[in-house]
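The structure under discussion appears below in the form of structure tokens.
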Amino acid sequence: MNSTLIPFAAFKRSAPTTFSALLCKSLLSMGIAICLSTGAQAQTVMKINVSIAKDSHQGTGIDAFAKEVEKRTQGRYKIQTFYAGSLGGERESVEAVQLGTQALTMTSTGPLPNFVPELRMLDVPFLFRDKTHARAVLAGPIGQELLAKFEPKGFKALAWAENGVRHITNSKRPINTPEDLKGLKLRTMENSVHIAAFKDLGVLPTPMPYVELFTALQQGTVDGEENPLTVIMTSKFDQVQKYLTLTGHIYSPSVFLMNKEMFDKLSDVDKTAFVEAAKAGSAANNARVDTDDAKGVAELRKRGMNVIENVDKSKFVALMSASNAQFEKQFGKENLDRIRNYK
Ligand code: EAX
């Protein structure tokens, strides 16, 4: 691994200047490729992926990131973008980045506590008042401290982004109160906090990766799921889910991750370029979340969904707080209060 970029430098020096075609030396085990393009400027190619569609907040986020990296490194780095789970689901992709077989990924925090346990606290139900509160926490000292927790685990977390505020959909019946959920089989993310919270709500949580979800809903393996409006729209869940209730039960962050050794080998200037590019990607992602949140209800109604907007949240809060004492013991009440009270 340590030699990843050393041959790159050597390659560049010895490269003839008259190459007419793109020549790539793939170093798949290292998750990168080094290419010589016309004019023999050496270029390092890295991959980034998301598990949802290109036409989505996350797709928009990695597109903006790729463009900015190329621009800010004058084309010395090229980021190839992959969508819709074509390189694997979120947990698999995070593993690949940790191992270094893939350079980069953008993921929701769903599977991340399996790698960085401190992140579990971000997914506690009703922890954030709204998106503005959540964005402020992630941009402030708490968010920065959490990004640093990735480093001993083999990741450079370049920047936070946002997956969105989660709402419940299902194919069986309108959900007006938590009692309406009783007995429903609901897919959750592969995250122990989500699983505990949904057990408190009286549903049968079925954890599975997002990439398997559409088929599971279509085949009736599960009755429902929960995701932000932006994910529901881009995933076309309206084709397999009749009912949507705006529960807003959990705020779901996402993050740009890079293999730490690869990041450490970048020059200081390029390190800044990657971090700034991720911030630009995050801004593009968040803007798309806002657009989708603003039009989501009307759009999903137009597509035929029955949307319940005004739900009595206090009942959901009361039930989903059953595990709060346990969460406070596990994650530190002071840590959760620090997030809750952040202004
Ligand atoms: O990252 O797994 C999920 O439900 C996520 O919200 C989705 O994949 C987007």
*Is one or more of the residues making up the range 174-189 in contact (Cβ under 8 Å) with a residue 24 or more places away in the chain, closer than 20 Å to VAL317 by Cβ and acidic (Asp, Glu)?*
no
*Can you give me the number of residues within the range 271-288 that are open to solvent by 10 Å² or more (accessible area, probe 1.4 Å) and out of contact with any strand residue (DSSP E or B) (no Cβ under 7 Å at 6 or more places or on another chain)?*
8
_Residue satisfying all of: in the range 215-250; among the polar types (S, T, N, Q) and open to solvent by 10 Å² or more (accessible area, probe 1.4 Å); farthest from LEU186 (Cα to Cα) among these_ = THR234
_Odd one out for GLU328 among (1) open to solvent by 10 Å² or more (accessible area, probe 1.4 Å); (2) touching a helix residue (DSSP H, G or I) at 6+ places or on another chain (Cβ under 7 Å); (3) touching a residue at least 60 places away in the same chain (Cβ under 8 Å)_ = (3)
*Select from the range 251-265 the residues that are among the hydroxyl-bearing types (Ser, Thr, Tyr) and either open to solvent by 30 Å² or more (accessible area, probe 1.4 Å) or more than 20 Å from SER93 (Cα to Cα) (or both) and list them in ascending order.*
TYR251
_Number of the condition not met by LEU127 [criteria: (1) more than 26 Å from ASN324 (Cβ to Cβ); (2) open to solvent by less than 50 Å² (accessible area, probe 1.4 Å)]_ = (1)
*Counting only residues that are more than 13 Å from the ligand (Cβ to nearest atom), in contact (Cβ under 8 Å) with a residue 40 or more places away in the chain, among the hydroxyl-bearing types (Ser, Thr, Tyr) and not in a loop (DSSP other than H, G, I, E, B), how many does the range 72-119 have?*
1
*asked:* If a residue must be among the polar types (S, T, N, Q) and farther than 18 Å from ALA84 by Cα, how many such residues does the range 233-258 contain?
replied: 4
*Single match in ASP293, ASP312, ASP268 (criterion: open to solvent by 30 Å² or more (accessible area, probe 1.4 Å) and touching a Leu at 6+ places or on another chain (Cβ under 7 Å))*: ASP293
_Selection within the range 302-343 - of a type in the set (D, E, K, R) and not in a helix (DSSP H, G or I)_ = ARG303, GLU309, ASP312, LYS343
*Does the range 172-189 include one or more residues that are of a type outside the set (A, V, I, L, M, F, W, C), within 16 Å of the ligand (Cβ to nearest atom), under 30 Å from ALA283 (Cβ atoms) and within 16 Å of the chain's Cα centre (by Cα)?*
yes
*State whether the residues of the range 120-131 include one that is under 15 Å from the mean Cα position of the chain (by Cα), under 14 Å from ASN163 (Cβ atoms), in a helix (DSSP H, G or I) and within 16 Å of the ligand (Cβ to nearest atom).*
yes
*From LYS54, LYS67, LYS47, which residue is among the charged types (D, E, K, R), out of contact with any Cys (no Cβ under 8 Å at 6 or more places or on another chain), at pLDDT 95 or above and crowded, with 20+ Cβ neighbours inside 10 Å?*
LYS47
*Could you grab me the full set of residues in the range 176-189 that are in contact with a Lys or Arg (Cβ under 8 Å, 6 or more places away or on another chain) and open to solvent by 20 Å² or more (accessible area, probe 1.4 Å)?*
THR177, ASP180
*Selected residue (criterion: farthest from LYS260 (Cα to Cα)) from residues of the range 195-204 that are within 16 Å of the ligand (Cβ to nearest atom) and open to solvent by less than 30 Å² (accessible area, probe 1.4 Å)*: VAL203
*Please enumerate the residues belonging to the range 273-325 that are β-branched (Val, Ile, Thr) and free of Cβ contacts under 8 Å to residues at least 24 places away in the same chain.*
THR291
*Please find, among SER192, SER171, the residue that is under 20 Å from GLN326 (Cα atoms) and surrounded by fewer than 18 Cβ atoms within 10 Å (Cβ to Cβ).*
SER192
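The values are calculated or read from the model by the stated rules, or taken from the named source; none is laboratory data. These numbers were taken from a predicted model, which means no experiment stands behind them. Heads up, the Cβs are rebuilt from the backbone with ideal geometry, glycines too, and the neighbour counts pull from every protein chain shown. Each accessible area value is taken on the protein alone, full model and side chains, heavy atoms only, with ligands, DNA and RNA left out. Shrake-Rupley method; radii C 1.70, N 1.55, O 1.52, S 1.80 Å.
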